[in-house]
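For reference, the structure discussed in these notes is given below.
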Amino acid sequence: MLGLDMSFLNWDIISKFVLKGFIFSIQLTVIATIGGIILGTLLALMRLSGKKILTVPATIYVNGMRSVPLVMVILWFFLLVPAGFYALIPGGSNYRAEISAIITFVAFEAAYFSEIMRAGIQSISRGQVNAGRALGMTYAQNMKLIILPQAFRNMVPILLTQTIILFQDTSLVYAIGAYDLLKGFSTAGKIYGRTEEAYLLAAVVYFVMCFGLSYMVKRLQARIAIIR
C-alpha cells in the first residue's frame, strides 16, 4: 500500500483511456435496462396469461437465465455465435465484443426485470382488474390503462436498484475484451505501469457511483411511500 502512487491519473489519461470505457458502460446500462424492461414485461405478461403455450416457454426462459451466472452467458454468446452474425451488422466485426455484450445483457436482465414486473402486477388489487372488466375492457386494455401504470410507479425503486446492480455487472464484459470502464482503467494502468493503482481507482469510481445512486433511490422510495 505504501508504494501506491495515484498521481499518474490525470485528465489526459482519463480522456484517452477511461472516458471511452465509461461511455460504453453507461450505454450498456441504459440499453440493457430499457431492453430488459420491455422484454421482461412481455415475459411477465406471458407468465400471467394463464395459457400454457405462453407460460411454459416464458417460465423456462426466466428460470433458465436466473440459474446461470451472467459471466457464463456472456462467454457462451461471444464464443458460440458465428462471426458471420456480426458481419450482418454495419461495423459489427470491429465491435464484436461490445455488440455481444449488449445482446447478452438485454437477454439476461430481461429475466430479472420479468420477475420484478410480475410481482408489481400481482401487487395491484384484484378489484381494479375486475373494475376494468366491468367497464368492458379487454385484457390488453386493462393492462395498458389500469394495471401497468400503477405497477410501474410501485416498482420504480426496485427497477432502479436492479439498474444499479446491472451497472456493476457491466464490469464482467472485461472477460470478452469489451472496452468498458474497467477495461479503460486496466489499459491505462498497464501502459503507465500502475496496474494496482488503476484497479483501485476503478473500484473507487464504481463505489462512488453506485453508493450515490443507491442513496438517491432510497430518497425516492421514501418520497413514493409518503405519496401513497
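The values are calculated or read from the model by the stated rules, or taken from the named source; none is laboratory data. Predicted model, so just to flag it, every value in this text is computed and none were measured. Using ideal geometry, Cβ is built from the backbone for each residue, glycine included, and neighbour counts are taken over all protein chains shown.
The residue pairs whose first member lies in the range 18-42 and is closer than 18 Å to ALA110 by Cα and among the basic types (Lys, Arg), whose second member is assigned to a helix (DSSP H, G or I) and at pLDDT 95 or above, and whose beta carbons are closer than 9 Å, counting only pairs six or more residues apart or on different chains, do not exist in this structure.
Kindly indicate whether any position in the range 184-191 is at pLDDT below 95 and either over 28 Å from SER100 (Cα atoms) or aromatic (Phe, Trp, Tyr) (or both). Don't jump to the end; show me each part of the working.
Here is the first cut: in the range 184-191, the ones at pLDDT below 95 are 184-191.
Imposing the further condition that a residue be either over 28 Å from SER100 (Cα atoms) or aromatic (Phe, Trp, Tyr) (or both) reduces the set to 185.
Yes - at least one qualifying residue is present in the range 184-191.
For TYR174, the conditions (1) without any contact (Cβ under 8 Å) to a residue 24 or more places away in the chain; (2) out of contact with any Asp or Glu (no Cβ under 7 Å at 6 or more places or on another chain) are fulfilled apart from (2). Is it the case that some residue within the range 169-191 is of a type in the set (S, T, N, Q) and buried (at least 21 other Cβ atoms within 10 Å of the Cβ)? Looking for residues that are of a type in the set (S, T, N, Q) and buried (at least 21 other Cβ atoms within 10 Å of the Cβ), one finds at least one in the range 169-191, hence yes.
One residue stands out in the range 109-138 among those that are buried (at least 17 other Cβ atoms within 10 Å of the Cβ) and of a type in the set (Gly, Ala, Ser): the one that is farthest from THR59 (Cα to Cα), namely GLY132.
Between SER214, SER114, which is small (Gly, Ala, Ser), within 26 Å of the chain's Cα centre (by Cα) and within 30 Å of TRP76 (Cα to Cα)? Exactly one of SER214, SER114 is small (Gly, Ala, Ser), within 26 Å of the chain's Cα centre (by Cα) and within 30 Å of TRP76 (Cα to Cα), namely SER114.
For the range 104-113, the condition holds for no residue, the condition being that it is part of a loop (DSSP other than H, G, I, E, B) and without any contact (Cβ under 8 Å) to a residue 40 or more places away in the chain. Does the range 170-177 include one or more residues that are more than 19 Å from ALA119 (Cα to Cα) and either outside any helix (DSSP H, G or I) or modelled with pLDDT under 85 (or both)? Looking through the range 170-177, at least one residue is more than 19 Å from ALA119 (Cα to Cα) and either outside any helix (DSSP H, G or I) or modelled with pLDDT under 85 (or both). Taking every residue in the range 49-78 that is in contact (Cβ under 8 Å) with a residue 40 or more places away in the chain and pairing it with any residue that is part of a helix (DSSP H, G or I) and of a type in the set (Phe, Trp, Tyr), at least 6 positions away or on another chain, the pairs with Cβ-Cβ distances below 6 Å are MET65/PHE108; LEU70/PHE108.
Among residues belonging to the range 35-89 that are of a type in the set (Ser, Thr, Tyr) and more than 18 Å from LEU159 (Cβ to Cβ), point out the one that is farthest from the chain's Cα centre (by Cα).
Within the range 35-89, the match that is farthest from the chain's Cα centre (by Cα) is SER49.
Any residue at all in the range 95-108 that is under 15 Å from the mean Cα position of the chain (by Cα), within 25 Å of VAL62 (Cα to Cα) and aromatic (Phe, Trp, Tyr)? Within the range 95-108 (the criterion being under 15 Å from the mean Cα position of the chain (by Cα), within 25 Å of VAL62 (Cα to Cα) and aromatic (Phe, Trp, Tyr)), the answer is yes, since at least one residue qualifies. The selection criterion, being within 23 Å of LYS20 (Cβ to Cβ), in a helix (DSSP H, G or I) and modelled with pLDDT of 95 or more, holds for PHE167.
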